[in-house]
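The values are calculated or read from the model by the stated rules, or taken from the named source; none is laboratory data. Every value quoted in this text rests on a predicted model; they were computed, and no experiment measured them. Positions of Cβ are backbone-derived with ideal geometry, glycine not excepted, and every protein chain shown enters the neighbour counts.
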Amino acid sequence: MQCENQEALLRCEDISFTYPGAAAPLLKNISLTLRPGQCCCLTGPTGSGKTTLARILGGLAPDGACEGSLHYAPASDQSFPAGLVLQDPDVQLLASSVGAEVAFALENLALDPAAMPGRVIAALDAVGLAKPTAFPVDKLSMGQKYRLLTAALLVMESRLLILDEPGAQLDPDGLAHMQDILRQLKHAGIAILLCEHRPEPLLEVIDDFWQLSADGRLTAGRWTGDPLQVHTRPPNPAQSKPAVLRVAGLCFQDTQAQPVWTNVDLTLRPGERAAITGPNGTGKTTLLRCIAGFLSPRAGTVSIMDGPPEPARLRGQVGLLFQNPEKQLFENTVYDEVAFPLKRLGLPAQEREERVNAALEECGIVHMADASPHLLSYGQKHLVALASVLAPKPRLLLLDDPLAGLDDVRSRSVLSTLSRWSDNYDMALLVTGHEPQANFSWAHRVLRLEGGRLA
Amino acid sequence: MALAMVLSCLAFVSRTLPLLLVLSAANILVLVWLRRGPRTLKRELRTFCWQTLIILSLYLLRFRSMDGLWAGFKVSWQLFLAMLPVMAVSKTVSQAAAVRTLSRILPGQMAFVLSTCIKFVPLLLAEIKNIYEGQVLRGARILPRDLVRPWHWPDLLHCVIVPSIVQGMALAGNIALAAKARGFGRSPRRTCWPGM
């Protein structure tokens with residue numbers, strides 16, 4: 001559908017961008033053009049500036065020095081030239097009902113309320129979201145929320161859509177729906193820019209790849225990074241050892257007394273690594289919180305190291321890292337951040353130092369020991385948080401979607417670190433994720449949580 | 001919605017024990033009228049306990065004596081009574097209806113900001129819970145039984161309150177960006193979606 005002769009919907013020339021206080025520009029001399037019906041995918045390592053570029057192209061440049069020029073195709077006063085969906089739909093959905101969400105942009109244009117329902121329903125139709133306008137937003141699946149956000153942009157008559165990492169949030173079903181919608185939008189002459197680490201599920205609709213290098217330059221082609229060897233797992237050595245984690249007949253109900261999952265059985269022995277995959281909203285995080293003793297199951301038992309899952313008993317023995325682990329960082333230096341759990345465990349200074357250095361070295365962040373964790377990139381913060389849960393040498397580590405937002409190279413590096421640590425210290429590992437096609441060569445077992453059952 | 005706002009405003013001017021007791025009774029009556037059962041009250045009271053604990057610890061740090069505790073408790077009580085009716089009503093009235101009501105007495109943009117703050121409270125609380133649980137297993141002495149000992153209170157401040165404030169600011173930034181991406185602030189006037 002892309003047409004070389006049509007007027008460009010977006011043309012940017014020689015864009016450079018520097019964050020306040022940064023020594024060098026993050027983006028250097030970026031030039032690109034997007035035409036009607038064209039779908040481009042912007043690739044690049046974590047921290048290379050894809051989101052920053054997406055924001056600049058969407059007309060929402062962050063604070064900093066931005067040079068160069070940006071031209072959109074002419075649009076009416078009642079429309080927006082570009083629409084931008086950022087990561088994490090949950091913080092972008094501003095209303096409580098489907099209709100009010102889509103109408104938000106129309107409210108901002110001060111459109112007559114009587115004219116809103118027609119435009120809202122047309123936008124919902126365009127993304128195939130057949131829900132009443134009064135339908136509550138929080139009852140939608142993650143895939144439906146993403147489509148709702150897309151409708152909320154289409155209602156603004158934007159002819160350019162910029163989507164920042166849909167793959168980090170959507171499960172395979174959500175991505176398949178998204179691909180169908182993107183195909184239809186291309187046919188309708190809408191240009192699409194995807195910023196994506198893992199574009200495989202959307203390959204059919206992508207026309208061109210661009211790559212942002214670590215030095216901030218944009219070139220044609222797809223970034224894949226230098227492949228790292230994932231630590232290959234040895235034959236499972238742990239069968240004779242007593243279980244670290246034993247889950248039997250576990251059932252959990254939500255606040256409306258609806259079962260989230262039932263009869264979950266799981267045993268993990270020292271050094272054993274298991275992955276749990278499943279679509280969004282199936283209760284993977286809930287399962288981890290139940291195992292850690294923060295939620296009470298309706299039925300069944302959890303036993304960790306032959307005892308009940310009481311958080312006070314599990315300190316230093318069980319590590320837990322949620323999505324976006326950066327939010328747990330609070331110390332002034334990376335070293336102090338990693339040393340914090342060891343101080344609380346009362347380890348002597350000499351042993352603390354040895355363990356901190358070992359964790360920093362394993363995560364490849366020794367050179368950042370004196371840096372403030374708050375000023376690091378997303379990927380680096382991830383590694384600091386990981387080092388801080390590894391340092392106490394827990395016997396069981398629970399990780400909730402630890403690779404979300406990380407590029408393939410960084411993901412392999414994290415998995416490699418976890419595998420080595422697991423082998424060296426007999427640490428059992430339980431990792432959740434929503435990508436069933438991911439590489440699980442590091443795991444001894446891959447389980448699927450779907451339809452309320454773990455299999 | 002209007003009743004909730006009146007009750008919330010009254011919480012800020014009720015500074016004596018009798019007034020606070022009368023207002024508390026009025027709030028309970030409103031909860032019964034809205035058919036928010038004892039479960040809601042229990043959940044909100046749990047929040048009140050946490051909030052009171054934090055405020056009292058801050059007062060102790062500030063005044064370094066027990067004299068300030070009653071004043072701290074009253075502040076916590078007032079804040080609770082300011083939030084309770086809004087939290088109760090927000091679960092029974094749609095956000096669009098709330099914005100429409102607020103728009104009659106406030107500028108359109110202010111009405112949106114106020115209703116959005118209320119909408120995102122549960123998300124922020126879930127984030128704080130995540131932070132709390134992660135820090136407990138990192139060894140922070142912040143379980144209820146730990147906090148009986150005042151020398152553990154700094155852990156609560158450093159490991160939970162500071163990251164939660166940072167997270168709250170990040171959340172506010174993301175919400176503002178999402179609103180701006182859809183034209184919030186582009187026009188000085190806003191209209192309201194006519195449906196739910």
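Annotation: A:G271 fulfils all but one of (1) in a helix (DSSP H, G or I); (2) more than 14 Å from every other protein chain (Cβ to nearest Cβ); (3) of a type outside the set (S, T, Y); (4) crowded, with 17+ Cβ neighbours inside 10 Å; the unmet one is (1). The number of residues in the range B:146-191 that are at the interface with another protein chain (Cβ under 7 Å from one of its Cβ atoms), part of a helix (DSSP H, G or I) and either within 30 Å of A:A115 (Cβ to Cβ) or without any contact (Cβ under 8 Å) to a residue 24 or more places away in the chain (or both) comes to 9. Of all residues in the range A:405-437, those being in contact with a helix residue (DSSP H, G or I) (Cβ under 6 Å, 6 or more places away or on another chain), surrounded by fewer than 21 Cβ atoms within 10 Å (Cβ to Cβ) and of a type in the set (G, A, S) number 0. Check B:R138, B:R100 and return the single one that is at the interface with another protein chain (Cβ under 9 Å from one of its Cβ atoms) and in contact (Cβ under 8 Å) with a residue 12 or more places away in the chain. B:R138 is the lone residue from the list that is at the interface with another protein chain (Cβ under 9 Å from one of its Cβ atoms) and in contact (Cβ under 8 Å) with a residue 12 or more places away in the chain. The requirement of being surrounded by 15 or more Cβ atoms within 10 Å (Cβ to Cβ), assigned to a helix (DSSP H, G or I) and either at the interface with another protein chain (Cβ under 7 Å from one of its Cβ atoms) or on the phi > 0 side of the Ramachandran plot (or both) is not satisfied by B:P194.
Out of curiosity, is A:G364 assigned to a loop (DSSP other than H, G, I, E, B), within 11 Å of chain B (Cβ to nearest Cβ) and of a type in the set (G, A, S)? No; evaluated as a whole, the condition is false for this residue. In a residue-by-residue description of the range A:296-308, the property of being more than 21 Å from A:K241 (Cβ to Cβ), buried (at least 19 other Cβ atoms within 10 Å of the Cβ), over 20 Å from the mean Cα position of the chain (by Cα) and of a type outside the set (V, I, T) applies to at least one position. Every residue in the range A:115-133 that is β-branched (V, I, T), surrounded by fewer than 22 Cβ atoms within 10 Å (Cβ to Cβ) and either within 19 Å of A:H177 (Cα to Cα) or not assigned by TED's automatic domain parsing to the domain that holds A:L148 (or both), please. A:I121 - this is the single residue of the range A:115-133 that is β-branched (V, I, T), surrounded by fewer than 22 Cβ atoms within 10 Å (Cβ to Cβ) and either within 19 Å of A:H177 (Cα to Cα) or not assigned by TED's automatic domain parsing to the domain that holds A:L148 (or both).
Among residues of the range A:202-220 that are without any contact (Cβ under 8 Å) to a residue 60 or more places away in the chain, those with a Cβ under 6 angstrom from a residue that is surrounded by 19 or more Cβ atoms within 10 Å (Cβ to Cβ), sequence gap 6+ or separate chain, pair up as A:T219/A:Q211. If you check B:V6, B:V93, B:V32, B:V22 for being closer than 30 Å to B:A176 by Cα, out of contact with any strand residue (DSSP E or B) (no Cβ under 7 Å at 6 or more places or on another chain) and in a helix (DSSP H, G or I), only one passes: B:V6.
Has the range A:186-194 got any residue that is in contact with a strand residue (DSSP E or B) (Cβ under 8 Å, 6 or more places away or on another chain) and more than 20 Å from A:A75 (Cβ to Cβ)? Looking for residues that are in contact with a strand residue (DSSP E or B) (Cβ under 8 Å, 6 or more places away or on another chain) and more than 20 Å from A:A75 (Cβ to Cβ), one finds at least one in the range A:186-194, hence yes. Among the residues of the range A:337-361, write down those that are more than 14 Å from chain B (Cβ to nearest Cβ) and either closer than 23 Å to A:G379 by Cβ or not in a helix (DSSP H, G or I) (or both). Of everything in the range A:337-361, those that are more than 14 Å from chain B (Cβ to nearest Cβ) and either closer than 23 Å to A:G379 by Cβ or not in a helix (DSSP H, G or I) (or both) turn out to be A:P348, A:N357, A:A358, A:L360, A:E361. Go through the range B:99-110 and give me each residue that's more than 15 Å from A:A103 (Cβ to Cβ) and hydrophobic (A, V, I, L, M, F, W, C). The answer is B:L102, B:I105, B:L106, B:M110. Those strands (runs of 3 or more DSSP E) of the range A:14-109 in which at least 1 residues are modelled with pLDDT under 95 and surrounded by fewer than 21 Cβ atoms within 10 Å (Cβ to Cβ), considering only elements entirely within it, cover A:27-34, A:65-72. Within the range A:308-336, the set of residues being facing another protein chain (nearest Cβ under 10 Å) and over 30 Å from A:A248 (Cβ atoms) comprises A:N324, A:E326, A:K327, A:Q328, A:L329, A:F330, A:E331. Is there a residue being in a loop (DSSP other than H, G, I, E, B) and at the interface with chain A (Cβ under 8 Å from one of its Cβ atoms) anywhere in the range B:105-128? The answer is no, given that none of the residues of the range B:105-128 is in a loop (DSSP other than H, G, I, E, B) and at the interface with chain A (Cβ under 8 Å from one of its Cβ atoms).
Which count do you get for residues in the range A:86-114 that are touching a residue at least 60 places away in the same chain (Cβ under 8 Å) and out of contact with any Phe, Trp or Tyr (no Cβ under 7 Å at 6 or more places or on another chain)? Qualifying residue count, the range A:86-114: 3. Looking at the range A:172-187, can you tell me whether even one residue there is in a loop (DSSP other than H, G, I, E, B), in contact with a Gly (Cβ under 9 Å, 6 or more places away or on another chain), at negative phi and not acidic (D, E)? Looking for residues that are in a loop (DSSP other than H, G, I, E, B), in contact with a Gly (Cβ under 9 Å, 6 or more places away or on another chain), at negative phi and not acidic (D, E), one finds none in the range A:172-187, hence no. Scanning the range A:438-455 for residues that are in a loop (DSSP other than H, G, I, E, B) and out of contact with any Leu (no Cβ under 7 Å at 6 or more places or on another chain) returns A:A438, A:N439, A:F440, A:S441, A:A443, A:H444, A:G451, A:G452.
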